Amino acid sequence: VAETFDLAAGGLRAGGALRLDLAAVPRLSGRVRADSLPLPLPYPRSPDPLPLDWLAGWTATVALAARQVVVAQEWLLEDASATLTLGDRRLELAGLAARLGGGSLAAALSFDAAAWPPVLTVRATLTDAKVTGPVFDTPLDIAAGTLDATLGVTAAGFSPAGLLASLDGQVNLAGRDGVLAGIDIARMGPLLAETDLRAALAGGNTAFAQLALAAVIFGGMFI
């Protein structure tokens with residue numbers, strides 16, 4: 001039993017309380033709170049098998065909280081909390097709540113390593129996120145506004161590349177009072193002449209009151 005612990009390692013600052021029960025199937029329980037929680041960003045096209053052996057032979061239920069979550073040295077989430085559970089080679093992150101871009105994020109993630117191949121499931125909802133710069137870093141992008149989004153995806157594979165290639169699901173995006181960068185719809189003209197279309201698609205910005213986007217993901221590709 002660690003009734004109170006403090007840990008500092010690199011960019012990680014954490015503390016909490018943990019209990020390890022060395023029964024026939026060891027069980028870890030407790031709570032961990034981090035001031036800053038740095039997470040690595042794995043290479044999504046890596047063909048190397050995921051290290052899954054550590055999921056076997058023990059169970060866990062740990063409450064997690066972090067003032068900030070940093071991914072690839074970028075500040076991603078604020079005031080994050082979730083419950084991590086492990087059992088029968090199934091890892092779950094349930095009840096994830098956090099602040100993202102000034103909005104509210106609610107999500108759940110599960111990874112079932114007992115399935116053949118292992119199955120990853122992610123569900124997420126984002127509301128009232130404020131956009132102050134390009135979202136997707138693409139020629140046609142949302143540069144400003146307030147966004148709501150939902151995500152529901154599943155994937156199956158033994159490696160990051162396998163999971164990416166089998167990714168299926170749907171993304172829905174709704175924006176309001178924003179700016180669409182990369183296109184100037186006002187320059188299209190009423191007759192949609194080729195010269196006007198080229199001018200409109202050559203760049204510029206278009207303000208919008210409402211924007212809705214829906215994308216289906218199949219086999220790792222947006223369609």
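The values are calculated or read from the model by the stated rules, or taken from the named source; none is laboratory data. Keep in mind it's a predicted model, so treat the numbers as computed, not measured. Cβ sites come from the backbone with ideal geometry, for glycine too, and all protein chains shown count toward neighbours. To get the accessible areas, we keep the full protein, side chains included, count just its heavy atoms, and leave off ligands, DNA and RNA. Shrake-Rupley method; radii C 1.70, N 1.55, O 1.52, S 1.80 Å.
Tell me the residue from Ser81, Ser46, Ser36 that is open to solvent by less than 40 Å² (accessible area, probe 1.4 Å) and farther than 24 Å from Ala114 by Cβ, please.
Ser36
Show the residue pairs that are 6+ apart or on different chains and have beta-carbon atoms under 8 Å apart, the first residue being within the stretch 132-145 and under 19 Å from Gln210 (Cβ atoms), the second being in a loop (DSSP other than H, G, I, E, B) and open to solvent by 70 Å² or more (accessible area, probe 1.4 Å).
If the second residue must be in a loop (DSSP other than H, G, I, E, B) and open to solvent by 70 Å² or more (accessible area, probe 1.4 Å), the pairs left are Asp141/Pro134; Ile142/Pro134; Ile142/Phe136; Ala143/Pro134; Ala144/Thr132.
For Trp116, all conditions in the list (1) touching a residue at least 40 places away in the same chain (Cβ under 8 Å); (2) exposed (fewer than 13 other Cβ atoms within 10 Å of the Cβ) hold save one; what is the number of the exception?
The single condition Trp116 does not satisfy is (1).
Could you tell me how many of the residues in the stretch 129-186 are surrounded by fewer than 18 Cβ atoms within 10 Å (Cβ to Cβ) and closer than 30 Å to Ala202 by Cα?
So the answer is 25.
Mind listing whichever residues of the stretch 46-101 are of a type in the set (Asp, Glu) and in contact (Cβ under 8 Å) with a residue 12 or more places away in the chain?
Of everything in the stretch 46-101, those that are of a type in the set (Asp, Glu) and in contact (Cβ under 8 Å) with a residue 12 or more places away in the chain turn out to be Asp48, Glu78, Asp79, Asp88, Glu92.
So Leu20 passes all but one of these: (1) of a type outside the set (Lys, Arg); (2) open to solvent by less than 60 Å² (accessible area, probe 1.4 Å); (3) farther than 26 Å from Ala107 by Cβ. Which condition number does it fail?
(2)
I'd like to verify a number: residues in the stretch 8-27 that are farther than 23 Å from Leu39 by Cβ and modelled with pLDDT of 90 or more, how many?
Within the stretch 8-27, residues that are farther than 23 Å from Leu39 by Cβ and modelled with pLDDT of 90 or more number 7.
Among the numbered criteria (1) modelled with pLDDT of 95 or more; (2) open to solvent by less than 50 Å² (accessible area, probe 1.4 Å); (3) under 16 Å from the mean Cα position of the chain (by Cα), which one does Gly101 miss?
Here Gly101 meets the rest and fails (1).
Does the stretch 206-221 hold any residues that are part of a strand (DSSP E or B), in contact (Cβ under 8 Å) with a residue 12 or more places away in the chain and under 30 Å from Leu164 (Cβ atoms), and which are they?
Selection gives Leu211, Ala212, Leu213, Ala214, Ala215, Val216, Ile217, Phe218.
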